[in-house]
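Accompanying notes for the structure given below.
The values are calculated or read from the model by the stated rules, or taken from the named source; none is laboratory data. Predicted, not measured: the structure shown is a model, and the values here were computed from it. All Cβ positions, even for glycine, are placed from backbone atoms using ideal geometry, and neighbour counts span all protein chains on display. Side chains included, ligands, DNA and RNA excluded: accessible areas come from the protein's heavy atoms. Shrake-Rupley method; radii C 1.70, N 1.55, O 1.52, S 1.80 Å.
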Amino acid sequence: MRNARGSLVRPVPLPTGASTPVVTPLSPSVVYASETPDALDDQYEGRTHGYTYAREGHPNADVVAARLDTMEGARDGLVVGSGMAAVTAALLGLLRAGDHVIGGNQLYGRSLRMMAEDLPRLGIATSLADPGDVEAVRAAIRPETRMILVEVVSNPGLRVADVPGLAALAQSHDILLAVDNTFTTPRAYRPFEAGADIVIHSLTKLLSGHSDVMLGYVAARDPELARRLRVFAVTLGLSPSPFDCWLAERGMLSFDLRFDRAQATAVRLADHLAGLAGVRRVIYPTRDDHPDKALAARLLQGQGCNMVSFELEGGRAAANAFTRAAEGLSFAPTLGDVGTTLSHPASSSHRALSPEDRMALGLSEGFFRVSVGLEDPETLCAVFSQAIDAAVAGG
Ligand SMILES: *Cc1c(COP(=O)(O)O)cnc(C)c1O
């Protein structure tokens, strides 16, 4: 098409053919053109499907959301720009000033911070309770309580929440139960089947799985709540990047295999660590010495997670010697990567706590959380043996 000054920039007709790509195309377009105002009306009124502006939705986000919806048994789930964007949507998108929310007492650090600072600033009262103890949560309920937010397996203590018990409690008090399923993933646990009202994920972790994507997901059982979550996320601009969604979909194609492998290695590594000199204790939900073993067995039915925590003897000096000697393992504050990563709560996620408060959570200077990756299990155990030997010698 030409005018007096030269060619128009857009639109250029796309080449089409009788075949279709097997890989989802990446659609970075921020805007989508419609044929007529009538056609746009049809779209906004839901008579046809289409896109308008990427903050309001785009094909790559919808593809990822549809995959996760299937895995979680959800409808109309929403992909957002990070796990914290998903937590934000669930809390700020559904609660109002005057409401009260109960959080698990070992929530992800930023979720705890939202409970401690941001919600109270906005007039939403919060309290924390042990999510493995339904009676403790019951005791925290007030007339204004509108939501309970828990994680199935907590970080970094790997304690287990009694999700079915909390679901029954929440239902009998007309309270919403929101479950952050990031650690367990739908491969090990499906909170909607246990009666949860809202499911949250950080897709940044195992589901995408390669530490190159930051995304979140939130879904509600009730269609009206799902609609409110979507409107809120679009208004606040919690939108995901098409490229991140494209990468996330690619990662999700191998998720089941990665999860099964990492989980099996985590079980093996936990047992291996328990036999090493210099290791004071090992935490893994399905081990015989875990305080929530019975609950974990009932909830996860043989599944677990890819996370193992353990405590080294010898304090900070041993911890430094350990990370230095742990060849090939990244000392990095994330989880769910293809490679095994180590996190040290005392110097990272829990550094703001006083040493006394950290000790109350069992987080000594020797405490490490391991996110198990896809390495050969024997090789991985050997790396831990050698690095812990070095820690014992140097610490
Ligand atoms: C990482 C994480 C989040 C936050 O996700 P981001 O994608 O980092 O914003 C929330 N909950 C849990 C359990 C997490 O591990």
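A compact table of results
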| item | result |
| --- | --- |
| Within segment 270-293, tally of residues that are open to solvent by 40 Å² or more (accessible area, probe 1.4 Å) and part of a loop (DSSP other than H, G, I, E, B) | 7 |
| Scope segment 95-111; condition within 16 Å of the ligand (Cβ to nearest atom) and over 24 Å from A168 (Cα atoms); matching residues | G109, R110 |
| Residues of segment 328-362 satisfying the condition of being at pLDDT 90 or above and of a type in the set (A, V, I, L, M) | L329, A332, L335, V338, L342, A346, M359 |
| Residue within segment 120-138 that is open to solvent by 60 Å² or more (accessible area, probe 1.4 Å), in contact (Cβ under 8 Å) with a residue 60 or more places away in the chain and either in a loop (DSSP other than H, G, I, E, B) or within 16 Å of the ligand (Cβ to nearest atom) (or both) present | no |
| Scope segment 205-232; condition in a helix (DSSP H, G or I) and not acidic (D, E); matching residues | P223, L225, A226, R227, R228, L229, R230, V231, F232 |
| Test: R230 is basic (K, R) and over 19 Å from C305 (Cα atoms) | yes |
| Of residues in segment 176-204 being open to solvent by 10 Å² or more (accessible area, probe 1.4 Å) and part of a loop (DSSP other than H, G, I, E, B), the one farthest from the ligand (Cβ to nearest atom) | G195 |
| Hits in segment 240-269 (condition: small (G, A, S) and either touching a residue at least 60 places away in the same chain (Cβ under 8 Å) or open to solvent by less than 20 Å² (accessible area, probe 1.4 Å) (or both)) | S241, A248, G251, A262, A264, A266 |
| Subset of segment 350-395 (residues that are closer than 30 Å to L257 by Cα and among the polar types (S, T, N, Q)) | S371, T379, S385, Q386 |
| Among residues of segment 156-175, those that are open to solvent by less than 10 Å² (accessible area, probe 1.4 Å) and either over 18 Å from A136 (Cα atoms) or within 12 Å of the ligand (Cβ to nearest atom) (or both), counted | 3 |
| Residue within segment 213-222 that is more than 16 Å from the ligand (Cβ to nearest atom), over 22 Å from D337 (Cβ atoms) and surrounded by fewer than 18 Cβ atoms within 10 Å (Cβ to Cβ) present | yes |
